[in-house]
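What follows draws every value from the coordinates through simple rules; no lab data is involved. As the structure is a prediction and not an experimental result, all values here were calculated from the model. Because the Cβ atoms are built from the backbone with ideal geometry, glycine has one as well, and the counts that use them run over all protein chains shown.
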Amino acid sequence: MKVVLRSSRIPGFYKLPVKERINILKELVPLSDEEVNLLTNSGSLELKVADRMIENVIGVMPVPLGVALNFLINGKEYIVPMAIEESSVVAAASNAAKMARESGGFHAEAFESIMIGQIQVTAVSDIKKAEKEILRHRETLIELANECDPLLVRLGGGMKDVRVRKVSTFLGPMVLTEILVDVKDAMGANVVNTMAEKIAPFIEKITNGKVYLRILSNLADKRLARAKAVFLSDVIGGREVVDGIIKAYALADADPYRAATHNKGIMNGVTAVVLATGNDTRAVEAGAHAYASRTGRYRSLTVWRKNKDGDLVGEIELPVAVGVVGGISSIHPLARINRKILGVKSARELAEVIASVGLAQNFAALRALATEGIQKGHMKLHARNIAMAAGAQGNTVDLVVKEMIRRGKIRMDEARKILEEIEPS
């Protein structure tokens, strides 16, 4: 296939084998042979599998996979796989979990695996009548929806209820029919969307309106996970550290600018586990941030307080829509291995682990802020990335890192300067 250099208009690109797509890019960009080899070296995820997961596949983008240790959750030991590129996250989670063990570890719970599907009805002349008609046909709607997945119903899941809301918009009022579906051990997006599509024509008929959107909501507030832990004062550095963490939390609870960074730290842990287990990181992140705004103001996903003994108590609550069956979690070979390492048997157990990791991550960040500051530990680990990006290899990486830390200058220019001193050209 002949293409014009630098043109992104490549007809039929999606129909081509992966190697032919790469050959086209090799000419367009151009790519070196070494770069092509890196693209085709897909590791544990074969290109033929990746090619069926998304469109226009040209390779696989790996991220580091580590395990957080020391996690004791509801009396059970866990080794927690985490896929993330950011320095210090895995180490911080492991250290926080080690401190939490001194008082029994994490205590977590997850609610039913209820997902919400939404059917938007517009152009309704009599909204109150439409609402009554939808609720009057509740059993019919449930029966229609559950025809989509008899196996799920036999397992105790399926559509359980329906609720109706009037929503005011700049285009006028709309009727929103929401179906509540127990998806059991799946994430549930596909089954909820299928059910919403199935019952939409019937809703349109009984309301005399026009249906447009038929899709699940990622604000899975019927699928919450909670975790709690006590961090003993003398274990974490004393009462001044306890007070400092609570003061940091107070700011996050009051100020959305601080809350955004506070919650980002939580999601460092949450997203790393979600990704490692082959679940939808964007869905969980969207749900978490929407839940943080449920009061009308963006706030902390965690709560920190002092108990009567002067120890620190942390709690977290957030929606965690994840699955252990279906979707990519059943296709990606590493996702299957990671679930085996983690040892979870259900979506609810996985959600409990994820909430506990989020709480651990938040504690680690707040403790660093309340003591030595976030940069000291983080930059020490980040220095390795800087050294490697500057061109250091093998044992030289450690030499460059050590010297940057000694000089107190963890920067690319400094790394290159040190590397030149160690290995003059």
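What is the angle, in °, between the Cα long axis of helix 189-207 and the longest principal axis of the Cα atoms in the chain? Nearest 10 is fine, range 0 to 90. Between helix and principal axis, roughly 30 degrees.
Using only helices, what value at 222 nm comes out for the chain when you add -39,500 (n - 2.57) per DSSP H run of length 4 or more and divide by the total residues, to the nearest 500 deg cm²/dmol?
Rounded to the nearest 500, it is -15000 deg cm²/dmol.
For K308, the lysines whose Cα comes closer than 22 Å to its Cα, not counting residues fewer than 8 places off in the same chain, are K228, K247.
Largest GNM mean-square fluctuation across A100, A108, A200, computed for the chain with C-alpha springs under 10 Å, falls on A200. Counting only alpha carbon atoms, the long axis of helix 281-291 and the longest principal axis of the chain meet at about 70°. Among F111, F170, F106, the ranking by other beta carbons within 10 Å of each residue's beta carbon, starting with the fewest, stands as F170, F111, F106. Rounded to the nearest 10 degrees, the angle from helix 374-389 to the longest Cα principal axis of the chain is 80 degrees. As a rough footprinting exposure proxy, the listed residues T177, T396, T261 were ranked by other beta carbons within 10 Å of their own, and the order from fewest upward is T261, T396, T177. Given a 10 angstrom Cα cut-off, can you work out which residue in I58, I246, I266 is the most mobile in a GNM of the chain? Largest GNM mean-square fluctuation: I58.
Note on the chain: GNM, Cα springs under 10 Å; of L152, L45, L312, the largest mean-square fluctuation is that of L45. Between rounded, prolate and oblate, where does the chain land on the alpha carbon gyration tensor, with a ≥ b ≥ c its root eigenvalues, rounded for a/c under 1.5, else prolate if a/b exceeds b/c? Taking the square roots of the gyration eigenvalues as a ≥ b ≥ c, the chain is oblate.
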